[in-house]
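Here's the structure, in C-alpha cells; my notes come after.
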Amino acid sequence: MDLCQVEVKRVMAALDLSSFSETCFTYALTLARSLNAELLLVNVINDRGLESLDRLSGEGFGVSRDKFIEASQAERLAQIEKEYLPRVGEVRARVVFRVGLPYEQLLRVIEKEKVDMAVLATRGRSNLAGVLFGTTAEKVFRRATCTVVSVRGPEHCRLPQ
C-alpha cells in the first residue's frame with residue numbers, strides 16, 4: 001500500500017468578523033505556524049440583497065453597489081489589520097476579499113489559491129433556513145477539495161492555564 005504524502009503549504013481562515021472569527025483565526029494561525037504554511041485570511045462580502053442597491057442607484061439615489069462594496073472592504077480590511085494581522089508574527093499572511101455567496105466564494109478561493117487546509121467556524125443550526133438549506137460551513141465541508149477543520153465558537157476555546 002502506498003503511503004499518502006501530506007504537505008500543507010497554505011491554510012485558509014474564513015473570517016466573517018463575528019465573535020466566531022477569533023477562534024477560527026486562532027486555530028488557523030496555530031496550524032499555519034506549526035506547519036510552516038502561509039495563512040490566508042479570507043472575508044466574503046455577501047452579495048445577497050445588493051440588487052436593491054442597484055435599483056436605488058437606478059432610481060437616482062446616491063447609493064451604488066460598487067461604492068458599498070468598496071466601503072465595506074475598506075472597513076473590513078481596517079478591522080483585520082487592527083485585530084488579526086499584528087498577531088501573525090513570522091507567519092506569512094495575506095488578506096483575500098471576495099464578493100458573492102460565501103460558500104461559493106470560499107470554494108473558489110480554495111481552488112484558485114491551492115489551499116491545503118481550510119478552517120471554518122461553525123455556529124450550529126440556529127434557524128429553519130439553516131436546517132433546510134445547510135449553512136455555509138456545511139456546504140464547504142461537502143464540496144471542498146482540501147481538508148476542512150471545523151472550529152466551534154469561543155465558548156469551546158481552551159484558554160492557557
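What follows is calculated from the coordinates using simple rules that are stated; it is not laboratory data. Keep in mind the model is a prediction, meaning the values are calculated, not measured. In this analysis, Cβ positions are derived from the backbone assuming ideal geometry, glycine residues included, and neighbour counts consider all displayed protein chains.
From the cross-link list K9/K67; K114/K139; K9/K112; K82/K112, which pairs have alpha carbons spaced over 25 Å apart? K9/K67; K82/K112, as the Cα separations exceed 25 Å there.
Couplings 3J(HN,Hα) for segment 27-38, derived from phi with the Karplus relation 6.51 cos²θ - 1.76 cosθ + 1.60 (θ = phi - 60°), are 5, 4, 5, 4, 5, 4, 5, 5, 9, 6, 10, 6 Hz, where x marks Gly and Pro. For segment 13-120, the C-alpha radius of gyration sits at 1.19 times the compact-globule guess of 2.2 N^0.38 Å, with N the residue count. Estimated from the Cβ-Cβ distance and a Förster radius of 41 angstrom, the FRET efficiency linking A74 and L3 is about 0.30.
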